[in-house]
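Before any comments, here is the structure.
The values are calculated or read from the model by the stated rules, or taken from the named source; none is laboratory data. Everything numeric here is computed off the predicted structure, so don't read it as measured data. Ligands, DNA and RNA are stripped out before the accessible areas are found, and what is left, the full protein with its side chains, is counted by its heavy atoms. Shrake-Rupley method; radii C 1.70, N 1.55, O 1.52, S 1.80 Å.
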Amino acid sequence: MWAYNGQYPGPVLSWRQGDTLRVRLHNDLPQPTTVHWHGIRVPNAYDGVPGMTQDPVQPGKQFDYRFVVPDAGTYWYHPHVNTIEQIGRGLIGALVVHERKPPEVDADWLWALTDLRLDRSGQIVENFNDLHDAAHAGRVGNVVFINGALQQDFSARPHARIRLRLLAATSARIFGLRFDGSRAWLLAIDGHPVPVQLLSEPLVLGPGQRADVIWEAPTEGQTARVRDVFYPGRGYELAALKASGAALTLVQSPPAPLPANPLPELGPPTQPEFVINLQGGAMSREASREAIWLINGKAMKNEAMGHGHQPPLFTLKSGHTLDLVLNNRTVWHHPLHFHGVWLRQRLGDQWGPVRDTVLLSPQESTRVRLFADQPGHWMVHCHVLGHQANGMMGHFVVV
Ligand SMILES: [Cu+2]
């Protein structure tokens, strides 16, 4: 495996909202790397995109990341060079920015959900660039981990309220988490607070996405369970929570909402909408061996190609708002991740929660409204890493 500080997942990095993050990346890998701070609002120079925001950090070299973390929430970090292999070998870690005054809970847990593709001897299968995987659902692993460990039992005092920070840090696997046997409320998505909502449907998390949940421990002697039911007919139990010890008082009311992050509210768009068509995949007419996936007819296979070599998809003024129409013209899921901006997805007749990664279902069309404040060249790409590596990537410019 490849690991941050020898750990899989890497250490949970934590700061308080408004702190200055200081991380020195020292590259002991046999190939160049960078660190991308997924979901954090960073100045462009620290976004970790090789050839676009920084030079790749060569083996034996180092790079200092230093910026203020403006928003509380659950985020993560990972490489942005040869990402399919570097994440596929284990380079991921969670990043928590604590609220200045954190809400009172009985426990604060973080689950980094990952998977690996292992052979019968327990070794990582090294076919990272397998074109069959890339043209279909991506490199879905065959073993799922919580914080690097196999399915496990957790325990808490009866009726305890646990803040559960969920991070989907897989290369391709999508989760649909069903909470059975006790109550769970959704608190935040992709780091940002949402109106508190009792979870009655499975909580869907595509690669790159996060959710904060309050999970209530059941009554004495009972067990609550989390099942992943995303892929039809392939459900499994992810974790169990056993109530033991002295009972806490059962609180009937839902948990209080988290304090909002200091994001400007989205105003009306100030420039014409832009259309993004996702194309390609196995058996599609647009796909070729060189370019399996495309955005608006173009394949970008290397982050470094964007800067100066390929025109940006669109340009947006800092402080302005833009509507994007996202058309998934493929029969596969795509978690589309935007760097450097925040956005809301149109859900019915209103704008949904703030997020950085939008999961598009096969053939789905949707509308997002995005807001930019940091100038620079920023990536937009599918977070199914085999799709990204085979063309489903582009960039845009904030001026
Ligand atoms: Cu994709």
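On the accessible surface of the chain, probed at 1.4 Å, how many percent belong to carbon and sulfur atoms? For the chain, the apolar C and S fraction of the accessible surface comes to 51 percent. Radius of gyration (Cα atoms) of the chain, expressed as a multiple of 2.2 N^0.38 Å: 0.95.
So what is the orientation-averaged projected area of the range 274-398, using the convex hull of its C-alpha atoms, in nm²? All intermediate terms of the calculation are to be shown ahead of the outcome.
On the way: hull surface 28.4 nm².
Spelled out: convex hull of the Cα atoms, projected over all directions, averaged, 7.1 nm².
Volume of the convex hull of the range 151-299 (Cα atoms only), normalised per residue: 165 Å³.
Scalar couplings 3J(HN,Hα) for the range 98-107, obtained by applying the Karplus form with A = 6.51, B = -1.76, C = 1.60 to θ = phi - 60°, are 7, 4, 4, 10, x, x, 6, 9, 7, 7 Hz; x denotes Gly and Pro.
Equivalent ellipsoid of the range 1-125: semi-axes from √(5λ) of the C-alpha gyration tensor, largest first, are 25, 21, 11 Å.
Give the ranking of Phe154, Phe371 by solvent-accessible surface, highest area first, calculated with a 1.4 Å probe. Don't skip to the end; give the middle numbers.
Working: Phe154 40, Phe371 20 Å².
From most accessible down to least: Phe154, Phe371.
For Lys61, the aspartates and glutamates whose Cα falls under 15 Å of its own Cα, not counting residues fewer than eight places away in the same chain, are Asp28.
Over the range 247-297, all Cα pairs binned in 10 Å intervals from 0 give whole-percent P(r) values of 17, 18, 15, 20, 17, 12, 1, listed from short to long.
Ranking Phe179, Phe396, Phe63 by solvent-accessible area of protein heavy atoms (1.4 Å probe, all protein chains present), from largest to smallest, gives Phe63, Phe179, Phe396. Over every Cα atom in the range 311-384, the radius of gyration and the widest Cα-Cα span, Dmax, amount to 12.2, 35 Å. Here the contact order of the chain, divided by its residue count and restricted to Cα pairs under 8 Å and six or more residues apart, works out to 16 percent.
How much accessible area per residue does the range 240-339 have, in Å², with a 1.4 Å probe? Roughly 51 Å² per residue, with all protein chains present.
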